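Trainee: After the structure tokens below, expect a handful of questions from me.
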Amino acid sequence: MAYKIKDTTCIACGACVCECPNHAISSQDFASVIDPAKCTECVGFFAEPQCVSVCPIPGTCIINQDLPRYAAV
Ligand code: SF4
């Protein structure tokens, strides 16, 4: 699984972009976007997902329920 950013609440501040250890987040015009192929839910890097930790809008960075949970190997 990966996290995703709700484009309805993201203010495109970009705070999360440089915090992601996997460089999975890119800034777009109106919202930041997480590449699910790169997101590892911060497993192995941090106890908490960094995008969630730094996002100023609670509930904007959320688990993408459409994908299986990330499993570290
Ligand atoms: Fe990057 Fe971690 Fe957020 Fe995934 S959960 S996008 S790895 S900061």
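The values are calculated or read from the model by the stated rules, or taken from the named source; none is laboratory data. Computed from a prediction, not measured in an experiment: that's the story for all the values here. In this analysis, Cβ positions are derived from the backbone assuming ideal geometry, glycine residues included, and neighbour counts consider all displayed protein chains.
Trainee: Quick check: anything in the stretch 23-41 assigned to a loop (DSSP other than H, G, I, E, B), more than 9 Å from the ligand (Cβ to nearest atom) and in contact with a strand residue (DSSP E or B) (Cβ under 7 Å, 6 or more places away or on another chain)?
Mentor: Looking for residues that are assigned to a loop (DSSP other than H, G, I, E, B), more than 9 Å from the ligand (Cβ to nearest atom) and in contact with a strand residue (DSSP E or B) (Cβ under 7 Å, 6 or more places away or on another chain), one finds at least one in the stretch 23-41, hence yes.
Trainee: Check the stretch 32-48 and report whether any residue there is charged (D, E, K, R) and under 9 Å from residue 4 (Cα atoms).
Mentor: yes
Trainee: Of everything in the stretch 21-36, what is in contact (Cβ under 8 Å) with a residue 24 or more places away in the chain and over 21 Å from residue 8 (Cβ atoms)? Give them in sequence order.
Mentor: Of everything in the stretch 21-36, just one residue is in contact (Cβ under 8 Å) with a residue 24 or more places away in the chain and over 21 Å from residue 8 (Cβ atoms), namely 21.
Trainee: Within the stretch 50-73, is there a residue that is within 8 Å of the ligand (Cβ to nearest atom), assigned to a loop (DSSP other than H, G, I, E, B), at pLDDT 95 or above and surrounded by 14 or more Cβ atoms within 10 Å (Cβ to Cβ)?
Mentor: Looking through the stretch 50-73, none of the residues is within 8 Å of the ligand (Cβ to nearest atom), assigned to a loop (DSSP other than H, G, I, E, B), at pLDDT 95 or above and surrounded by 14 or more Cβ atoms within 10 Å (Cβ to Cβ).
Trainee: On to the next question. Please tell me if residue 50 is polar (S, T, N, Q) and in contact with a helix residue (DSSP H, G or I) (Cβ under 8 Å, 6 or more places away or on another chain).
Mentor: Yes: the conditions hold for residue 50.
Trainee: Can you pull out the residues in the stretch 1-56 that are aromatic (Phe, Trp, Tyr) and either farther than 19 Å from residue 70 by Cβ or in contact with an Asp or Glu (Cβ under 7 Å, 6 or more places away or on another chain) (or both)?
Mentor: If the condition is that a residue be aromatic (Phe, Trp, Tyr) and either farther than 19 Å from residue 70 by Cβ or in contact with an Asp or Glu (Cβ under 7 Å, 6 or more places away or on another chain) (or both), then 3, 30 are the ones that fit.
Trainee: Right, next: Identify all residues within the stretch 23-49 that are touching a Ser or Thr at 6+ places or on another chain (Cβ under 6 Å) and surrounded by fewer than 19 Cβ atoms within 10 Å (Cβ to Cβ); write none if there are none.
Mentor: Across the stretch 23-49, the qualifying residue is only 33.
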